[in-house]
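The values are calculated or read from the model by the stated rules, or taken from the named source; none is laboratory data. Note that the coordinates shown come from a computational prediction; the quantities given were computed from them, not determined experimentally. Cβ coordinates were reconstructed from backbone atoms using ideal geometry, including for glycine residues, and neighbour counts include every protein chain displayed.
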Amino acid sequence: MSKFADKHPVAQSIIIAWVLFFLPQFVSQVPLYICETVTGRDLNLAGSVLTILTACAAFYLYKLRFRPLFKGTLAGSLKDGLLLGLPILLYWAATMIIALVSGNFAFKGISTGIIYTSVIAGFTEELAWRHGMISTLLRKWDTTDKIVPAVCVSAVIFGMVHALNALAGADLFHTLLQVAESTMIGIFFGAIFLRSGSLLTCMIIHTVHDIYAIAISPEVEASGLITGSITLVNILDLFLCIILGAVGLYYLSPKFRDGIVTLWDRIWSRTDSYER
């Protein structure tokens, strides 16, 4: 495994990411489906809590797998992560204004189904594509010139995963747009994760973002699938996502890279000064 990782760090990170993506969903959704079938009750909120717990458990299984080298924690620098995530508030405000002005605003309410869908996406996708890929890549990619590639590789794979929505019945052109938007948002989340070491921050912001996006968008179903035709509002949303991606790249600009390498040297025990 070590020789494979040395030769193919990207392939190893993708394999680990897929395992981390499916494991919490399988562990949480299978018993939830059985219980709902037997009882006939809506257990989405219970499923949300179970997904959070299984995602956290999967994180610590990763930590166990790479012990004693991996010293990372779920929280990292939560404060730094939240501060770095503030630009997404401007994104939400801008999309709200655009939706209101265009008459495309349709608040559907926040159902347990929307919460469940958002928690699954927020916690399992960040666990997989931010932690699983970026943490694993930085185990081997330990120089400043590898920082942006690590985030971009993760973001591109994250974006491409959303192409699978077309197989579930989502509109093809909306799906292609979602792939591009997800890639840009993936760069933003990846930069937050690299700068703060806080996976929990990314999980929380991603979950809230999905709740917001599903709740106000008439073309987005509670399951997260997008239907209908592309409008000017969707194009403007892509433009705003590109801005978020640019903010993420700024967070990774050369003046910050030495600090990022220092942080991740500590997380991967390449120095002795990392504090839990």
Checked the range 157-191 for anything small (Gly, Ala, Ser) and free of Cβ contacts under 8 Å to residues at least 24 places away in the same chain; matches are Ala163, Ala166
Q | Residue check for Ser111: out of contact with any strand residue (DSSP E or B) (no Cβ under 6 Å at 6 or more places or on another chain) and crowded, with 21+ Cβ neighbours inside 10 Å | A | no
Only one of Gly76, Gly81 is crowded, with 17+ Cβ neighbours inside 10 Å, at pLDDT 95 or above, out of contact with any Asp or Glu (no Cβ under 9 Å at 6 or more places or on another chain) and closer than 30 Å to Arg270 by Cβ, namely Gly81
By residue number, the members of the range 125-173 that are under 21 Å from Ser253 (Cα atoms), part of a helix (DSSP H, G or I) and charged (D, E, K, R) are Arg130, Arg139, Lys140, Asp145, Lys146
Residue hits (the range 251-274; in contact (Cβ under 8 Å) with a residue 40 or more places away in the chain and either among the basic types (Lys, Arg) or not in a helix (DSSP H, G or I) (or both)) are Leu252, Arg257, Arg266, Trp268, Ser269, Arg270, Tyr274
- Query: Would the range 151-159 turn up any residue that is on the phi < 0 side of the Ramachandran plot, surrounded by fewer than 19 Cβ atoms within 10 Å (Cβ to Cβ) and either at pLDDT below 90 or among the small types (Gly, Ala, Ser) (or both)?
  - Reply: no
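Every residue, every condition in (1) in contact (Cβ under 8 Å) with a residue 24 or more places away in the chain; (2) aromatic (Phe, Trp, Tyr), yes or no:
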site	(1), (2)
Leu43	no, no
Phe66	yes, yes
Gly72	yes, no
Asp80	yes, no
By residue number, the members of the range 38-49 that are of a type outside the set (Ser, Thr, Tyr) and farther than 15 Å from Met203 by Cβ are Val38, Gly40, Arg41, Asp42, Leu43, Asn44, Leu45, Ala46, Gly47
For helices (runs of 4 or more DSSP H) lying entirely in the range 33-108, having 1 or more residues that are among the polar types (S, T, N, Q) and over 24 Å from the mean Cα position of the chain (by Cα) picks out 87-102
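Can you give me the number of residues within the range 84-108 that are loosely packed, with under 15 Cβ neighbours inside 10 Å and under 30 Å from Asp42 (Cβ atoms)?
Going through the range 84-108, the residues loosely packed, with under 15 Cβ neighbours inside 10 Å turn out to be 86, 89-90, 93, 96-97, 100-103, 106-108.
In the following step, the residues that additionally are under 30 Å from Asp42 (Cβ atoms) were identified as 96, 106-108.
Residues in the range 84-108 being loosely packed, with under 15 Cβ neighbours inside 10 Å and under 30 Å from Asp42 (Cβ atoms): 4 in total.
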*asked:* Take the conditions small (Gly, Ala, Ser) and at pLDDT 90 or above and apply them to Ala166. Does it pass?
replied: no
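So that you can scan it fast, the table gives a plain yes or no per residue for (1) surrounded by fewer than 18 Cβ atoms within 10 Å (Cβ to Cβ); (2) modelled with pLDDT of 95 or more; (3) outside any helix (DSSP H, G or I):
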| position | (1), (2), (3) |
| --- | --- |
| Thr175 | no, no, no |
| Phe188 | no, yes, no |
| Ile205 | no, yes, no |
| His209 | no, yes, no |
| Ile230 | yes, no, yes |
| Asn234 | no, no, no |
| Leu244 | no, yes, no |
| Leu249 | yes, yes, no |
